[in-house]
Every structure is written in C-alpha cells, then in structure tokens.
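Structure first, commentary second.
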Amino acid sequence: QVFIAEMGARNIGDIKELAKLTKPRIGVITSIGPTHLETFKNLENIMKTKFELIEELPTDGIAILNYDDEHIKKLADKTFKEKILYGMEDVDKLDIFAEDVEVSEKGSTFTIKDKKGNNIRCTTRLLGKHNIYNILAGVSVAIAMGMNLEEIKRGIEKIEPVPHRLNIINPGTGITIIDDAFNSNPIGAKAALEVLSQFKEGRKIIVTPGMVELGAREEEANRELGVNIGKVCDFAILVGEKRTIPIYEGLMEVGYNKDNVFVVSSLDEATKIIQKIARPKDVILFENDLPDNYSE
C-alpha cells in the first residue's frame, strides 16, 4: 500500500532525478547537515538539492519539514505547497509537536499535539531526542495519510529499537542497562549522556573505552567526553589504561571524585566492579564497544 524511498545525494540534481523516477506524493526533510561537503562544496548546495524533493511533488503533494532545523526552516518558509511542520521548539508555528518528554526504564513518554488542540500521550522504547524527532516525522506522514492519533499511538508503541543503539535492557535486577555499544562518535556520546541524565532515580554509572578510530581528533574528543561524564555520572568505569587517559584528564578538569573512577583493562574486570557497586534503581550506560582487533 505504501512505498517509502530514502533519497541519498552526492551532487546537485541527484534528488530531482530520484523524485522523477519514484514520483512521491509526500516528501519529508528531516535534517540538513554538513555531510558530503567534498562533493557539494557548501551548505547552500545541500539545501538546494534537498529542496528538489519538495519542488518535484505534485500540486496536491504534501511537504513534511522539521521546523526546528534552522536550514529546513528557510526552505519551509518558501514552500507554497501543502505542508506539515513538526518539531519541539516554536510550537505555536508547528502543525505537529511533542511536549512533556519523560525518560524511564520503559523508554520515552511524550505528548503529541496538533494545531487544533488534539493530543495523546505516547510511549516508545526508543531513547533520545533525535528519536522523538524521527517519530514526529513518521506521525506527520501518518496524519497526511489520514490516520488518527489513536492509531498512531498504537504504531509508536510497536517501534523496535536498533540493537546496541541506546537500547534499554531490563535484566530483572532492578538495575536498568542502556546499551549504546554501537556508537563511537562525539554527537552520539553526548546524546547518550543526555538520556542518562534524564533518569530521575538511582545513581548513574558509565562503562566506556572512550572513542576509538577518530584519528587526530580522538584525544580531544575523549577529553571532552570526560568533562561531560563528570557532569552526569556518579561512577565511571574506563576500559583500557592508555586510551582512556584523556577521559580521566577531562574528569579531573571538572573536579571529579577520584574514588569513583575505575580504570580496567577488560570488560570482565568492569563487570566485577559493577557487581560490587551497583544497586537497584541504578542506571548503567555501556557507551561504545571495542573494535574486534583492539589491543592497547
């Protein structure tokens, strides 16, 4: 019944070509960032290319746009086709938005509202603000296709998280585990810590080898990670004695308690420490996994 096509582009005109091929009736732009700058040269060209999707929609087509993204906002303001604007910030200008986001061991709970004052409380097993934005894009598509909020709520509850990407695991011990082992970039690590900080109860423990395979930026990124961990976590278990030195330095920079930092050489050692310190209601974040061929 529904065909969804993700449109990638490396050059101006790529999306126009794909849109001519697939003839979409609904076009969604979720974000505009500096990817593929080596072929696009500048952000304006990326904006122009993404806008090709909206230009190629039929006259009765519907444009769905993330109005919280400053670049998309500019495109949205010059779109004269029917449009649905979604986001979480300037709610009086939005058609669909989310409010009152709460995070618990069940996932994220939030209220979806529309311009007419309709609203519904929804829960998803997904964590992180970026996932709420993704859900809002999906909600906007569902509304464009005539679904009601009750049907949409049921759909949101069925979304399965991607393994090892901010995935909640409840082992039945009263301790909540957040598995973010797949991630190893600074933006993702920041998002994971933001999610961790939203848990109201219990102490917060992180287990991480830091970020590896970042080349020249690695040391600086890990020092910043240490600073951010220091603001959120009660205990830090660092895996790998040499590689985690910058994280340790970042922690010390914010006056972190040395007694609450454990430096270990393997995940097995980390597990033993967790068994000693963790108690019910605590939340443990596993942030980034080690590459298979990793050795210090």
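The values are calculated or read from the model by the stated rules, or taken from the named source; none is laboratory data. Being a predicted model, the structure only gives us computed values, none of them experimental. As a convention, Cβ positions derive from the backbone with ideal geometry for all residues, glycine included, and neighbour counts pool all protein chains shown. For accessibility, only protein heavy atoms count, side chains too; no ligands or nucleic acids. Shrake-Rupley method; radii C 1.70, N 1.55, O 1.52, S 1.80 Å.
Side notes on the structure shown:
- Bins of 5 Å from zero: percent of alpha-carbon pairs in region 7-59: 4, 23, 34, 22, 12, 5, 1
- Charge dipole magnitude, Cβ of K and R +1, D and E -1 - region 1-87, Cα centre, debye nearest 20: 160 debye
- Between helix 149-158 and the chain: long-axis angle, C-alpha atoms, 0 to 90°, nearest 10: 40 degrees
- Prolate/oblate/rounded label for region 176-296 (Cα gyration tensor, a/c 1.5): rounded
- Theoretical ellipticity at 222 nm over the chain - DSSP helices of four or more residues, -39500 (n - 2.57) apiece, nearest 500: -11000 deg cm²/dmol
- The trypsin sites (Lys or Arg not before Pro) of region 198-241 meeting both criteria, a DSSP state outside H, G, I, E and B (loop) and at most 12 other C-beta atoms within 10 angstrom of the site's C-beta, are Lys200.
- Using the 1.4 Å probe convention, the accessible area of the chain works out to 54 Å² per residue with neighbouring protein chains retained.
- Highest-fluctuation residue, Thr22, Thr109, Thr124 considered, GNM on the chain with Cα pairs under 10 Å: Thr22
- Remark: region 123-134, residue by residue, has Karplus-estimated 3J(HN,Hα) of 10, 10, 7, 7, 10, x, 4, 4, 6, 5, 4, 4 Hz, where x stands for each Gly or Pro and the curve is 6.51 cos²θ - 1.76 cosθ + 1.60 at θ = phi - 60°.
- The lysines within cross-link reach of Lys106, meaning a Cα-to-Cα straight distance under 30 Å and a gap of 8 or more places when in the same chain, are Lys115, Lys116, Lys129, Lys153, Lys158, Lys190, Lys200, Lys204, Lys231, Lys272, Lys276, Lys281.
- Among 42-52, 167-177, sorting by the average number of other beta carbon atoms lying within 10 angstrom of each residue, highest first, gives 42-52, 167-177.
- Principal axis extents of the Cα atoms in the chain, from largest to smallest and rounded to whole angstrom, are 64, 44, 33.
- All other residues whose Cβ lies under 13 angstrom from that of Ala191 are scored, Lys and Arg at +1 and Asp and Glu at -1, for a net of 0.
- Descending by average beta-carbon neighbour count within 10 Å, the peptides 154-161, 61-68, 245-252 line up as 61-68, 245-252, 154-161, the highest first.
- All lysines inside 17 Å of Lys73 as judged from Cα atoms, apart from same-chain residues fewer than 8 positions distant: Lys48, Lys50, Lys81, Lys83, Lys93
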